[in-house]
Amino acid sequence: MIRLDGLRVRVGSFDLVDISFEVPTGGYALIIGPTGSGKTTLLDAIAGHAPLLAGRVLAHGRDVSSLPPEQRRLGIVYQQYHLFPHLSVGENIAYGLRYAAGDGSEATATRVRALAGLLGITALLERGVRGLSGGEQQRVAIARALAPRPSVLLLDEPFAAVDPATRTILRRELRVLHEAEGITTLQVTHDFDDALRLGDMVAVMAEGHIVQQGRPEDVFRYPNSAFVARFVGTGNVVAGQVERTGEPGADGRFAARFVSGTLELHVIADREGLAHAVIRPEDLLLSSTPLPGSIRNRIEVVVERVEHLGPVVQVQLAAGRDLVAAVTTATASDLGLRPGVRVWLGLKATAVHLV
Amino acid sequence: MIRLDGLRVRVGSFDLVDISFEVPTGGYALIIGPTGSGKTTLLDAIAGHAPLLAGRVLAHGRDVSSLPPEQRRLGIVYQQYHLFPHLSVGENIAYGLRYAAGDGSEATATRVRALAGLLGITALLERGVRGLSGGEQQRVAIARALAPRPSVLLLDEPFAAVDPATRTILRRELRVLHEAEGITTLQVTHDFDDALRLGDMVAVMAEGHIVQQGRPEDVFRYPNSAFVARFVGTGNVVAGQVERTGEPGADGRFAARFVSGTLELHVIADREGLAHAVIRPEDLLLSSTPLPGSIRNRIEVVVERVEHLGPVVQVQLAAGRDLVAAVTTATASDLGLRPGVRVWLGLKATAVHLV
Amino acid sequence: MLALLGSMLILFIVGPLVRLLFMASPSGLGSALADPELQASIALTVMCATAATAIAAALGVPLAYLLARARFPGRRLLLGIVDLPVVIPHPVAGIALLLFLGRHSAVGGALASLGLEFVSHVPGIVAGMLFVSAPILVSGAREAFVTVDPKLERVARSLGDSAWGCFRRVTLPLAGRGILAGGILAWARSVSEFGSIVILTYNPKVASILIFDRFTAYGLPAAVPAAVLLLMVALAVFALVRLVEPREHR
Amino acid sequence: MLALLGSMLILFIVGPLVRLLFMASPSGLGSALADPELQASIALTVMCATAATAIAAALGVPLAYLLARARFPGRRLLLGIVDLPVVIPHPVAGIALLLFLGRHSAVGGALASLGLEFVSHVPGIVAGMLFVSAPILVSGAREAFVTVDPKLERVARSLGDSAWGCFRRVTLPLAGRGILAGGILAWARSVSEFGSIVILTYNPKVASILIFDRFTAYGLPAAVPAAVLLLMVALAVFALVRLVEPREHR
């Protein structure tokens, strides 16, 4: 377990305020935010390289806030991996074992071989670290961080320095490794995909604050602001005006109309006035005739562009505002979607999330 | 139109051999490849900054191979944008207009304002370039490159320096800009998503060679090697053995069995022996009972992990080999997919692409 | 602990200079300023240092640009040669220049027949200064050029600049402060030179030789006012470099 | 064009040195090597330069580390002070040291009562050498430390190293070559010093003073063999630096 308790940190121009977050033992949590939101500074503060102005860092119940970095037992892997260039791969991995309990050349060698086996880098042990590929460097850096059995693993943008193809492989490996070792992990990233694929918990940072936290699927589905919606890529974010059309129910929510330019949608709202409508692309249903049943919004729209992205097809629509819908390849070919085609758009009132 | 005709370039340790590629007038082409495949060296060679050992570069029919960079009329935007730090945004954009036909302070100012309007950076014109965000820098760099009306626009990893959220916005803007200006564009990237979203044409590079080229959808669907399949992220790539089970038809293709460990698939092949099977995740159909009809492969498998990625759910399956299937959110909840659940996997013999 | 060791070194550098500055009475400094021989010698020093720096800039900036940008066989050797004067004992440099530029050598003889005499003439002072200060200017300018990203030049070329246009519009403006700082340091190094000039051209006397001369002829008190004055010039120049120098360097 | 201007400067540096090297006949060099006064003076020079470099390293490497890593008020001022001796005219430095370390000053008096005399004694030579060479060692070591990514140190700390352990196991091994190169250059600069030593301690004579002395007393031919010998030492040291220096620097 690692718990951040009201952290306040200032390094250079970065100012982190009131950061509170908890990762349960064995959990995998991510802190995501755009470049410059202070993510790396936060990792440095946790690891003891940036002084805390306020708050505490607890690792498995122990307050480590005033301990020097070497006594916090936190493994760290930086974005550029930062392998020791004057040591071989094996020496890099063994670096932290000098201080491990039960140190000894045999115990060290065993641990290094075990980790190298786990990460598939046994063949590299005798080599220098120059000339390793990005993926190999990452594996060595992870093995090095795990060797002294830290209580928490901190990862700083571990996939930013590799291509997307390698990223997919490394992501899978990291997940498997996490499940095998069960080590509490905290990763900072700017890529929400990492959170969806790896995390149990996610916190979104902006300008030194945590603006939303929760399970990745929940943050993705119910972002609490237009910023979060745009940043996690929930989909369509449209600014407009909410006007009440029905009486509030027991929960205070009421039927309303959301107006943005010439786009008008039936929605369920809990307040009137200016708001953003967040609509997931897969909730926009396309059909050749108006959809029947409980779907309140039915609009005839024109297809502007069709993008085939593997399993999904993204369809950009002119509907007063530009909207993006996601459909399956099969649906796209059934409807003959291509620029200029007119189709019916269906959208449930409850699928419009107002923030 | 830009045509590369048997280029051979050596810069440092990069050795590009026999690069031939053509982008039609007004087209948008991408060259993709992993880090170190020589993509940036190729752009430098096209722009005249790296000498050609062999071959020619033709821009709109004109052989520019022996012209100095300033006479090639190729606009270039580098990955880190490289704005002139001693000039304002407006001066950056106007930089190349000094040599434009009909030069004059009024014509220059008009062109700068027009481009700034097109890219939404009018408010920045008087500012210095320090402190601009990544997205703003990119817009300025593109405006600067477009100002002298180059015949071809060269882009070097234009989205690598911004976060994924900004990337989505910039990608859309660039596409709109490309459609509005109709300028022939050649981009190098390591992200196949760029190709799917932007490109009319794509060439995949590996170790200094072009290993496959064509329309992005075709390369994605029919990769010609395991390397390309993995790099473009087609999905499952499984190494195994092809054994003929039927007589060859008129086209030389025959029914066969593909064996990899305990996984056995009915496939259509054109040769026997060692091969890789490439299977797109969306072609793996999941159901609670064996699927009927023309689907030759029906296997009972166990769900290992479920990842919710917005519109699609990725399901990792234990089927002798690990396979990844992509299904819609609706299907995933209908089948109650979660780790440990047993489901039936269906796969058409024709959906297995052997390379 | 680290700070303690370090501050001993700082003290060893600052102490003597502060002590020297405090030695000069205002009246002593005033009479030094009014001393015509000292005036003439400082004027000569400034003039020669300026000439040496101008020559070093004219020949050294192009060299620095080549060393920063071009990759050619022998580049590392040239880098070595340019820095060589730093390790040559100053009187040895003086003797080498004397042999090279004296009337009896091929080069010196040819130049003398053109009316350019070095030994015991003003050009000898400039030659000594140039020899020791050129490396400083070249390495400063080279570092300034290295900090200009070649991709900026590539962008400028693709926007229509010729090689020279790009140098003038992009490279030089961006490297300018660094080159200027190198030039000022080279100028200060020229002013500070003594060991080679004392061998090449004792008369007319530059300031450092005048101070030495007075010290040996009349003892310490006679040399102090002039020394303080020259130290002040050096400190002023040094402060100037610090102001000019690009901040990112540090 | 650039290359032409540049090669004139290269020629101006290489020409005199080559000319000097060619002046020495093997017999002249042989008798120089057998000259007991020159032998003693070279031995003295080497000894003093080594002592000065050792002191500069002991005090300067910690300072260089602080300047490379720590951020504290006055850091820029310290950076300036460390580089200051480069612009001080050498005889002025000599006079300043004379005043600071002489028997009549507080510091010099205190040290003299401990038996450490500078003026006209060997420690004066070491002081002059230290003053001019310490900046070279500090700036070389500082640059070497700057090239060691602080994140490597953070990784080492997170793996259990104390601040000292991390310095010893990571920082020093990675900065070692750069520090060594700085030390060798500082040593060479010590050997080359003349202007401050000539004021502090004319006797016993270090090599550069001996050469000057012979030049003034007996003329050029008497000074050349010793000059060639000292030049060869300088060139050898210089070649050594180039071999030691990390390649990435250039």
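The values are calculated or read from the model by the stated rules, or taken from the named source; none is laboratory data. Since the model is a prediction, treat every value here as computed from it, not as a measurement. With ideal geometry, Cβ positions are generated from the backbone for all residues, glycine too; neighbour counts draw on all protein chains shown.
Figures for the structure shown
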| quantity | calculated |
| --- | --- |
| Residues of the stretch A:205-216 satisfying the condition of being within 20 Å of A:Thr40 (Cβ to Cβ) and in a loop (DSSP other than H, G, I, E, B) | A:Glu207, A:Gly208 |
| Meets criteria (polar (S, T, N, Q), assigned to a loop (DSSP other than H, G, I, E, B), more than 30 Å from D:Gly176 (Cβ to Cβ) and at pLDDT below 90) for A:Ser37 | yes |
| Flag for B:Gly117 being out of contact with any helix residue (DSSP H, G or I) (no Cβ under 7 Å at 6 or more places or on another chain) and either at positive phi or crowded, with 21+ Cβ neighbours inside 10 Å (or both) | no |
| Residue selected from the stretch A:181-199 under the condition within 14 Å of chain B (Cβ to nearest Cβ) and assigned to a strand (DSSP E or B), by the criterion farthest from B:Gly310 (Cα to Cα) | A:Val188 |
| Residue that is farthest from the other protein chains (Cβ to nearest Cβ) [pool: residues in the stretch A:57-109 that are part of a strand (DSSP E or B) and surrounded by 15 or more Cβ atoms within 10 Å (Cβ to Cβ)] | A:Leu58 |
| Selection count, the stretch C:145-170, where residues are of a type in the set (Val, Ile, Thr) and more than 7 Å from chain B (Cβ to nearest Cβ) | 3 |
| Test result for B:Thr234, over 25 Å from B:Leu146 (Cα atoms), more than 14 Å from every other protein chain (Cβ to nearest Cβ) and in contact with a Lys or Arg (Cβ under 8 Å, 6 or more places away or on another chain) | no |
| Count of the stretch B:309-331 residues which are in contact (Cβ under 8 Å) with a residue 12 or more places away in the chain, outside any strand (DSSP E or B) and within 12 Å of another protein chain (Cβ to nearest Cβ) | 3 |
| Test result for C:Arg69, of a type in the set (D, E, K, R) and within 30 Å of D:Leu59 (Cβ to Cβ) | no |
| Selected residue [at the interface with another protein chain (Cβ under 8 Å from one of its Cβ atoms) and assigned to a helix (DSSP H, G or I)] from D:Ile81, D:Ile55, D:Ile42 | D:Ile81 |
| Long-range neighbours under 7 Å by Cβ, at least six apart or interchain, first residue closer than 20 Å to A:Leu67 by Cβ within the stretch A:35-47, second assigned to a loop (DSSP other than H, G, I, E, B) and not polar (S, T, N, Q) | A:Thr41/A:Ala50; A:Asp44/A:Ala50; A:Ala47/A:Arg72 |
| Hey, D:Ser41 surrounded by fewer than 16 Cβ atoms within 10 Å (Cβ to Cβ) and not hydrophobic (A, V, I, L, M, F, W, C) or not | no |
| Matching residues, the stretch D:27-64, being closer than 26 Å to C:Phe12 by Cβ and not hydrophobic (A, V, I, L, M, F, W, C) | D:Ser41, D:Thr45, D:Thr50, D:Thr53, D:Gly60, D:Pro62 |
| Condition met for A:Leu265 (surrounded by 13 or more Cβ atoms within 10 Å (Cβ to Cβ), in contact with a Phe, Trp or Tyr (Cβ under 8 Å, 6 or more places away or on another chain) and free of Cβ contacts under 8 Å to residues at least 60 places away in the same chain) | no |
| Test: residue in the stretch A:114-136 that is in a helix (DSSP H, G or I), more than 30 Å from A:Asp191 (Cα to Cα) and within 13 Å of chain D (Cβ to nearest Cβ) | no |
| Subset of the stretch A:150-180 (residues that are of a type in the set (S, T, N, Q) and in a loop (DSSP other than H, G, I, E, B)) | A:Ser151 |
| Every residue from the stretch A:260-285 that is of a type in the set (A, V, I, L, M), within 25 Å of A:Asp218 (Cα to Cα) and not in a loop (DSSP other than H, G, I, E, B) | A:Leu265, A:Val267, A:Ile268, A:Ala269, A:Leu274, A:Ala275, A:Ala277, A:Val278, A:Ile279, A:Leu285 |
| Search result, residues across the stretch C:163-211 that are under 24 Å from C:Pro135 (Cβ atoms) and among the aromatic types (Phe, Trp, Tyr) | C:Phe167, C:Trp187, C:Phe194 |
| Extreme residue, modelled with the lowest pLDDT, among residues of the stretch D:21-54 that are of a type in the set (A, V, I, L, M, F, W, C) and farther than 30 Å from D:Ala127 by Cα | D:Ala24 |
| Matching residues in the stretch C:95-109 - criterion: being more than 8 Å from chain D (Cβ to nearest Cβ) and of a type outside the set (A, V, I, L, M) | C:Gly102, C:Arg103, C:His104, C:Gly108, C:Gly109 |
| Entirely in the stretch C:88-198, the helices (runs of 4 or more DSSP H) that have 3 or more residues that are under 30 Å from B:Val77 (Cα atoms) | C:122-146, C:150-158, C:163-166, C:172-192 |
| So B:Val202, is it assigned by TED's automatic domain parsing to the domain that holds B:Ile19, in a helix (DSSP H, G or I) and crowded, with 18+ Cβ neighbours inside 10 Å | no |
| Single condition C:Leu130 does not satisfy, out of (1) closer than 28 Å to D:Gly195 by Cα; (2) at pLDDT below 95; (3) not basic (Lys, Arg) | (2) |
| When residues of the stretch C:111-131 are limited to those that are buried (at least 24 other Cβ atoms within 10 Å of the Cβ) and closer than 23 Å to C:Val61 by Cα, the one farthest from the chain's Cα centre (by Cα) | C:Gly124 |
| Unmet criterion (only one of (1) buried (at least 20 other Cβ atoms within 10 Å of the Cβ); (2) under 13 Å from the mean Cα position of the chain (by Cα); (3) at the interface with another protein chain (Cβ under 10 Å from one of its Cβ atoms)) for D:Gly183 | (3) |
| Every residue from the stretch A:141-175 that is under 16 Å from A:Gly27 (Cβ atoms) and either in contact (Cβ under 8 Å) with a residue 60 or more places away in the chain or within 10 Å of chain B (Cβ to nearest Cβ) (or both) | A:Pro150, A:Ser151, A:Val152, A:Leu153, A:Leu154, A:Leu155, A:Arg175 |
| Residue in the stretch D:1-10 that is in a helix (DSSP H, G or I), out of contact with any helix residue (DSSP H, G or I) (no Cβ under 9 Å at 6 or more places or on another chain) and either loosely packed, with under 14 Cβ neighbours inside 10 Å or more than 13 Å from chain C (Cβ to nearest Cβ) (or both) present | no |
